[in-house]
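Just below is one structure, and these are the notes that go with it.
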Amino acid sequence: MSFAAKLAMHRQRLGLTQAGAAALLDVGLRTYATWERDDDPRRRPHVLTQEAALARLAKTKRAAMRHPNGSNRTKKEPGNENPGPANEIGSDR
């Protein structure tokens, strides 16, 4: 089975879009789509990159997905935003 076919198989097993799989692998959507399409052998990632990507997808469990795009980000609750450092004089944040 080719690298492209394995990518697609893992992505579908996890119920991810290409954008979600790209986010999980920390690569751009165009890069991921090129890998899965495999229409240009010169654009294939190095074998070690292939192995690392497949290993990350293989160890990812569908139940561990918390965000629809496949990243590990959780949904922000209203009022739970981090405002960052306070710039006002006398602020006790």
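The values are calculated or read from the model by the stated rules, or taken from the named source; none is laboratory data. Please read all numbers here as calculations on a predicted model, not as lab measurements. All Cβ positions, even for glycine, are placed from backbone atoms using ideal geometry, and neighbour counts span all protein chains on display.
For the structure I just gave you, tell me whether THR49 is surrounded by 13 or more Cβ atoms within 10 Å (Cβ to Cβ), at pLDDT 50 or above, β-branched (Val, Ile, Thr) and touching a Lys or Arg at 6+ places or on another chain (Cβ under 7 Å). Spell out the reasoning first.
Numbers: surrounded by 13 or more Cβ atoms within 10 Å (Cβ to Cβ): yes; at pLDDT 50 or above: yes; β-branched (Val, Ile, Thr): yes; touching a Lys or Arg at 6+ places or on another chain (Cβ under 7 Å): no.
No, not satisfied.
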- When residues of region 14-46 are filtered for being surrounded by 15 or more Cβ atoms within 10 Å (Cβ to Cβ), among the β-branched types (Val, Ile, Thr) and under 13 Å from ALA4 (Cα atoms), how many remain? 1
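Can we say ARG30 is assigned to a helix (DSSP H, G or I) and either more than 19 Å from the chain's Cα centre (by Cα) or modelled with pLDDT under 50 (or both)? First the steps, then the outcome.
Values: assigned to a helix (DSSP H, G or I): yes; either more than 19 Å from the chain's Cα centre (by Cα) or modelled with pLDDT under 50 (or both): no.
Judged against the criteria, ARG30 is not a match.
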- Query: What are the residues in region 1-21 that are without any contact (Cβ under 8 Å) to a residue 24 or more places away in the chain and part of a helix (DSSP H, G or I), if any?
  - Reply: ALA5, MET9, GLN12, GLN18
